[in-house]
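The values are calculated or read from the model by the stated rules, or taken from the named source; none is laboratory data. The model shown is predicted, which means the values in this text are computed figures rather than measured ones. Note that we place each Cβ from the backbone using ideal geometry, even for glycine, and neighbour counts take in every protein chain shown.
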Amino acid sequence: MHIIVTESYDASAAFVADMIAELINKKPDCKLGLATGGTPVPIYKKLIGKNAAGEVDFAQVRTVNLDEYCGLAGDHDQSYRYFMDTNLFDHVNINKANTFVASGLGDPAANAAELDAKVAEGGPCDLQLLGIGNNGHIAFNEAGDCLKAESHIETLTESTIRANARFFEKEEDVPTTAITMGMKGILSAKCLVLVATGAAKADAIRQLVCGGEITTHNPSTFMKLHPNAWVVIDRALADAAGYKG
């Protein structure tokens, strides 16, 4: 596992944006696995800037997102389809027909099957972007006694609901379930890139980068099984996690 420590989160975002741009320039029709939440927003802003400057072309890029809240339509301002449109897709020259965010409405089992089909369609993602929850969850694969391989509907923990409440008017508005890519789909990507910042992530990152244990109680630790996994953290988080590398 490659562990990159930068001097600031802005530098982390620049590092990851450069990785993604380099991939697109080498393989214009690459398949990207994308993430939502606060962490990737600066990365997407830098990619928008690169696209505007003619440094990267999204015309042939294909994307599939990790997850979506159950019960939210794609035009709801807290849905992940809306998030991706407003934070990236509306501002670059990507064909939205080549982008996929699972539906939060309708038959959950059918939506999960559709997500797995999109993960497999045309081969694995060339790069899967990941964030990490305070409890080590990746996508909405929550920490617990077991993890699921396939895409599925996950009941969100109180910790996750509290962490996401900042995006909603009140905590009671946060959906309690979400559709998520399973661990098999995530680990199938050719390259995993997890980026994190903030002291709240220190315990989860410590387990990921400071030891050899793999545990369902910190789903991110399964990245240690992957042959091409990258963890990008800033110096403040590295110090808080006790990482000395």
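List of remarks:
- Of all the listed residues (Phe58, Phe83), the sole one being modelled with pLDDT of 95 or more and under 17 Å from Phe167 (Cα atoms) is Phe83.
- Within the range 206-234, tally of residues that are out of contact with any strand residue (DSSP E or B) (no Cβ under 6 Å at 6 or more places or on another chain) and closer than 21 Å to Gly38 by Cα: 3
- Among strands (runs of 3 or more DSSP E) entirely within the range 144-245, having at least 1 residues that are in contact (Cβ under 8 Å) with a residue 60 or more places away in the chain and in contact with a Pro (Cβ under 6 Å, 6 or more places away or on another chain) singles out 152-155.
- Residue match in the range 157-170 (condition: under 27 Å from Lys118 (Cβ atoms), in contact with a strand residue (DSSP E or B) (Cβ under 8 Å, 6 or more places away or on another chain) and of a type in the set (A, V, I, L, M, F, W, C)): no
- Matching strands (runs of 3 or more DSSP E) fully within the range 5-89 where at least 3 residues are within 23 Å of Gly123 (Cα to Cα): 31-34, 62-65
- Residue ID - nearest to Asp77 (Cα to Cα), chosen from residues in the range 143-196 that are of a type in the set (S, T, N, Q) and buried (at least 19 other Cβ atoms within 10 Å of the Cβ): Asn164
- Residue match in the range 103-119 (condition: over 24 Å from Asn51 (Cβ atoms), β-branched (Val, Ile, Thr) and part of a helix (DSSP H, G or I)): yes
- Comparison of Leu147, Leu115, Leu105 shows that the only residue that is touching a strand residue (DSSP E or B) at 6+ places or on another chain (Cβ under 6 Å) and either closer than 25 Å to Val231 by Cβ or of a type outside the set (Ser, Thr, Tyr) (or both) is Leu147.
- Of the candidates Ala117, Ala35, Ala52, Ala139, the single residue that is small (Gly, Ala, Ser) and farther than 26 Å from Ser220 by Cβ is Ala52.
- Subset of the range 99-130 that is surrounded by fewer than 17 Cβ atoms within 10 Å (Cβ to Cβ), free of Cβ contacts under 8 Å to residues at least 60 places away in the same chain and not aliphatic (A, V, I, L, M) - its residue that is nearest to Glu169 (Cα to Cα): Gly106
- Close pairs from the range 1-23: first exposed (fewer than 15 other Cβ atoms within 10 Å of the Cβ), partner basic (Lys, Arg) and outside any strand (DSSP E or B), Cβ under 6 Å, at least 6 apart: Glu7/Arg235
- Per the conditions (1) basic (Lys, Arg); (2) out of contact with any helix residue (DSSP H, G or I) (no Cβ under 7 Å at 6 or more places or on another chain); (3) within 18 Å of Gln128 (Cβ to Cβ), the sole criterion not satisfied by Arg62 is (2).
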